[in-house]
Structures are given as C-alpha cells and as structure tokens.
Ligand code: TYM
C-alpha cells in the first residue's frame, strides 16, 4: 500500500471575479498540489456573508469561482472541490473553536481592522470571528498545508494557535497547518496603479481579472503608472516600476524580461513598448482561462455534479474528524 498522502486545504471567497492575485497566490499552487496531495478546495460562501449579506450575487459568484478554478486546471475528480455551506460540520467546529479564541487577539487581526474600517455600520460578530471560521475549514480536514497568498499569513498563524489550544485542552488531533507556496516566499501580486495589491472588490481598474476581455486587459495595462524613465544607468526602480516588472515575471518569457531589464539598467527603457508587450503576454495568459470558464459557468448539470461530488468527499472527511472531536471533548453521554 502507498504512503498516506498529506492533506491540503484552501478556499476562495466568492465576493467577486477572480484575478491574477488569486491565480498566482493560490490557484496555481492548487493545480500543482492536486497531483501529489489529498486536496480539499472550497468556495468560502459563508465567509462572504460577513461582508456581503445579500445573496443575490452570491449564486452567480459561487458558480463562477468553481468554473474559474476548473478552467485554471483543477480537476474535480482528483480533488474535493466544494462549497463551504455544503459541509455543515464546519459550523459545529467553528462553534467549538470560538470558545478557544479570545476577543483581544481577534480585534488585533489586520483583516478585521481593515474590514471594520470599510464597513463601520456592519461590524458583526462574524467579521470578528472570521479567522476562527477559516481555522475550522482547515482543521476539519486535519490539513497540514494551506496554499494561500501573503495576505493570509496572519490567519494561518491564528489557525495554528487554535489547533494548539484544542490539542492541549482536549487531546492531540489537529496538525498545525502552514501556509504553502511552491516558490520560496508567499506571493503578493501588486496592483497596476502601484498602490497595494490586486483585489476582488476594491481597486478594480488596477486589477486584472481572469474574466477581463482582451481589450480591457490592454486598456488596464497601458494605464499602469510609469514615469519618464531612468536618466542614468543602474538607477534603482521605484515601487510602481518594480511592480510592472513583477507582473512581467508572471507571464512573459525569460528573453522578454531580460531585454527590458537590461534596457532599464542602460537607461534606455521605453515604457510604452514594455506595457504593450506586457499587455499582449497578459492577453495570451488570460484569454484561454476566460473562454474555458465562460463555457463551464453556464453548464448547470456539470456544476451541480461537481458540487455534489465535492460535498460528498468533504463531508466524509469532516464527519470522521468531528466524531473524534466530540469524543475527545467528552461530549458523549451514553
Ligand atoms: P480570498 O478570497 O481573499 O483570496 C483567495 C486566495 O487568493 C490569494 N490572494 C492573493 N495572492 C497574491 N496576491 C494578491 N494580490 C492576492 N489576493 C488574493 C489569497 O491569499 C487567497 O489564498 N480567507 C480567505 C478564504 C478562506 C480560506 C479558508 C483560505 C476561507 N477559508 C481556509 C485558506 C484556508 C480569503 O479571504 O481569501
């Protein structure tokens, strides 16, 4: 018999269209990991409710995120690809973990502070305990590796703390999950305007979505912030120029990157040409994903089958974990 594979878990909120950051921070790793690990990937619809309580758009977005994951190369026969709300044990583990999470640490979480600032009229308890729900998603499958972008590092640290506390109080059951990337560092894909990162719901003109038309991709890339260029050789790059080169690293060939790097170093770079090249390389990268996702997105029968198959796999794993959790906690009275 083969060695038992290590378990991988990750999720994406269906709060908008997937973008290059989601691809390079997360989905690219999912696609590689599906060959070597036992993988659970889900659409985090419950997390979306903390910021988007209206579920009209959610219906469409859940299907879109599933379709986009599959279009990027995720194979629903190799992994469990499912919706968070289809795994009811998530809510039970979330409740247990909430007793081990403290108000002070939750209030200090960067994402909580950011979101509270953005929606001062709706600082709900779900928003505060968001990292506890995320820990429940991961620990439910006893996952060891969590492929995510850099922005999720703090949530992973909190998941490890909750796992440790549970293990300490009730008995060893959860591995301490770590954020995972195939490269050395976790990825942060910068936005095109040189301020912050690409994002599903903010900064839409500076974010490249996997659903953007060729024309829109060109338009956004050509608008990326530049300046009149270096006047002396070997000038350090300002942040916004560094960002453009980082985006090029993701989609352009080594020769192309080399050419523009040396043009820059020789103070001969033409940003118009650089952006045109980047735009074409982005179009070449995004167009096939967009087209594939578009065809899957409208295939109701297929998507239903994917969700059911994914939920069955995820529920089998969740039920096993929760039976042990209840046992360890002593919630067995007969
Ligand atoms: P979400 O939906 O914000 O993002 C999904 C994934 O994309 C990554 N990401 C980025 N990576 C690099 N550069 C960017 N500009 C960029 N923007 C987003 C995120 O790091 C993430 O990996 N809380 C999670 C969803 C979640 C989850 C989980 C993740 C719920 N349960 C359990 C892992 C495990 C979130 O909001 O991701």
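The values are calculated or read from the model by the stated rules, or taken from the named source; none is laboratory data. Source: prediction; values computed, not measured. We place every Cβ from the backbone using ideal geometry, glycine too, and count neighbours over all the protein chains shown.
Tabulated data for the structure shown
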quantity	calculated
Lone unmet requirement of (1) surrounded by 13 or more Cβ atoms within 10 Å (Cβ to Cβ); (2) outside the structural domain of residue 182 (by TED's automatic domain parsing); (3) part of a helix (DSSP H, G or I) for residue 269	(3)
From 200, 188, residue being in a loop (DSSP other than H, G, I, E, B), buried (at least 18 other Cβ atoms within 10 Å of the Cβ) and either modelled with pLDDT under 95 or near the ligand (Cβ under 7 Å from one of its atoms) (or both)	200
Test: residue in region 83-92 that is more than 12 Å from the ligand (Cβ to nearest atom), closer than 25 Å to residue 206 by Cα and more than 21 Å from the chain's Cα centre (by Cα)	no
From 285, 260, residue being part of a helix (DSSP H, G or I) and within 26 Å of the chain's Cα centre (by Cα)	285
Residue 138 vs. criteria in contact (Cβ under 8 Å) with a residue 40 or more places away in the chain, within 9 Å of the ligand (Cβ to nearest atom) and crowded, with 19+ Cβ neighbours inside 10 Å	yes
Some residue of region 32-40 being in contact with a helix residue (DSSP H, G or I) (Cβ under 7 Å, 6 or more places away or on another chain) and within 7 Å of the ligand (Cβ to nearest atom)	no
Selected residue (criterion: surrounded by the most Cβ atoms within 10 Å (Cβ to Cβ)) from residues of region 176-185 that are more than 24 Å from residue 288 (Cβ to Cβ) and in contact with a helix residue (DSSP H, G or I) (Cβ under 7 Å, 6 or more places away or on another chain)	177
Residue check for residue 78: over 28 Å from residue 305 (Cα atoms) and either modelled with pLDDT of 95 or more or within 19 Å of the chain's Cα centre (by Cα) (or both)	no
Qualifying residue in region 48-60 (condition: closer than 21 Å to residue 178 by Cβ and either crowded, with 17+ Cβ neighbours inside 10 Å or within 16 Å of the ligand (Cβ to nearest atom) (or both))	no
Filtered residues of region 156-179 (kept if within 14 Å of the chain's Cα centre (by Cα) and not in a helix (DSSP H, G or I))	179
Filter result for residue 135 (under 16 Å from residue 11 (Cβ atoms) and modelled with pLDDT of 95 or more)	yes
Qualifying residue in region 144-155 (condition: in a loop (DSSP other than H, G, I, E, B), farther than 18 Å from residue 44 by Cα and either free of Cβ contacts under 8 Å to residues at least 60 places away in the same chain or assigned by TED's automatic domain parsing to the domain that holds residue 91 (or both))	yes
Cβ-Cβ under 6 Å pairs, at least 6 apart or on other chains, region 314-334 side buried (at least 17 other Cβ atoms within 10 Å of the Cβ), far side assigned to a helix (DSSP H, G or I)	318/89; 322/89
